[in-house]
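For reference, the structure is listed below as structure tokens.
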Amino acid sequence: MAAVSAYAVGPAGLFVYDGSFPNRIWEADESIPGVENVRITQLGIGSPEFELHEGFFYVSQSTSPTLHKLDPITGATVSSIALTFPAGNNVITAMESVGPTLYCGITTLGGGNGRLATVDLNTGVVTLVGSALGINSPLGGLAYDTNTNTMYGINARWGGNARLYTFNLVTGVATINSTLTPTFQATGLEMGLDGVLYALGRSAADDNYLFSIDPTTFTATRLGLMANLLNATAITSGIVSQPCPEDVDGSGAVDLGDISAVLFNFGQAAPPAQGDVDGSGLVDLADLSAILFAFGQACP
């Protein structure tokens, strides 16, 4: 059974973390905008940040110096990494992948300077990048533009109106580019797979709203409310690989439940319909054939 790579529901490949219990991770569609499919139904971890890195969700925890590695298909915890922070820091508020390196924004719980660091996922050691003091509030998000090799950062709401920064990945020096206009308070920052910079609103007026940001004009565009979210606090993007697409219902085996799911959704567009095994965008005979061919096989 071949693996199938699947984006989130929109071209940007966005995933959004809901900070209110049960702490779900949703697939987000920036074109609506909205969230449609629950990727992980009950995470149960109070987290200021998460990141899709090398095929897994990494979730920081606000109440413990721990980084959780999650299977993005099942939501199961693969491992929990005990973190060792440099003096004066104890929480990760932002993360971003640059190749094999996981960068993060660290601070003290309750609010302090946001500084750039890296995480060793084998040892849990968090290492400051350079000696710069970063920005004068926690980082609300980090985003890396692979086209320009630029690391962007945005301040958390404790720092007032959203400002866009760039970071030097050698010295850790943060350069303020500008306060974004129209003004809003933010959390989360992510470069979508479509090359657009996205952020989440974080105030009574803008909670659960998705914004796009033009980093050349420093203009923020309020795209709209993502209904179903209670407390959107973090955003990431990427491709999630489904290792056993024939197991439509996630039962752990290709069985009658998967055939039923395809027949129930037959002829419907996917997403949002389940059962598009071959990724054609439609639930059809090819999907039913794939399930029949794999019938009875166990899925990891």
Of the candidates LEU230, LEU263, LEU256, the one satisfying the condition of being surrounded by fewer than 18 Cβ atoms within 10 Å (Cβ to Cβ), within 18 Å of the chain's Cα centre (by Cα) and either over 25 Å from ILE135 (Cα atoms) or among the charged types (D, E, K, R) (or both) is LEU230
Any residue in the range 250-259 that is over 30 Å from TYR144 (Cα atoms), part of a loop (DSSP other than H, G, I, E, B) and in contact with an Asp or Glu (Cβ under 6 Å, 6 or more places away or on another chain)? yes
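A quick yes/no check of all residues on (1) more than 24 Å from LEU83 (Cβ to Cβ); (2) crowded, with 18+ Cβ neighbours inside 10 Å; (3) assigned by TED's automatic domain parsing to the domain that holds THR84:
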{"site": "VAL125", "(1), (2), (3)": "no, no, yes"}
{"site": "GLY130", "(1), (2), (3)": "no, no, yes"}
{"site": "SER137", "(1), (2), (3)": "no, yes, yes"}
{"site": "TYR144", "(1), (2), (3)": "no, yes, yes"}
{"site": "ILE154", "(1), (2), (3)": "no, yes, yes"}
{"site": "TYR165", "(1), (2), (3)": "no, yes, yes"}
{"site": "ILE176", "(1), (2), (3)": "yes, no, yes"}
{"site": "THR179", "(1), (2), (3)": "yes, no, yes"}
{"site": "GLN185", "(1), (2), (3)": "yes, yes, yes"}
Go over the candidates ARG163, ARG157, ARG115 one by one and state the one that is closer than 26 Å to LEU70 by Cα and basic (Lys, Arg). ARG115
Out of (1) touching a helix residue (DSSP H, G or I) at 6+ places or on another chain (Cβ under 8 Å); (2) at pLDDT 95 or above; (3) of a type in the set (Gly, Ala, Ser), the one ALA162 does not meet is (1)
Screening LEU193, LEU197 for residues that are under 30 Å from THR74 (Cβ atoms), in the same structural domain as THR146 (by TED's automatic domain parsing) and either touching a helix residue (DSSP H, G or I) at 6+ places or on another chain (Cβ under 8 Å) or surrounded by fewer than 24 Cβ atoms within 10 Å (Cβ to Cβ) (or both) leaves only LEU193
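The values are calculated or read from the model by the stated rules, or taken from the named source; none is laboratory data. These figures come from a predicted structure and were not determined experimentally. Please note: Cβ atoms are built from the backbone with ideal geometry, for glycine as well, and neighbour counts cover all protein chains shown.
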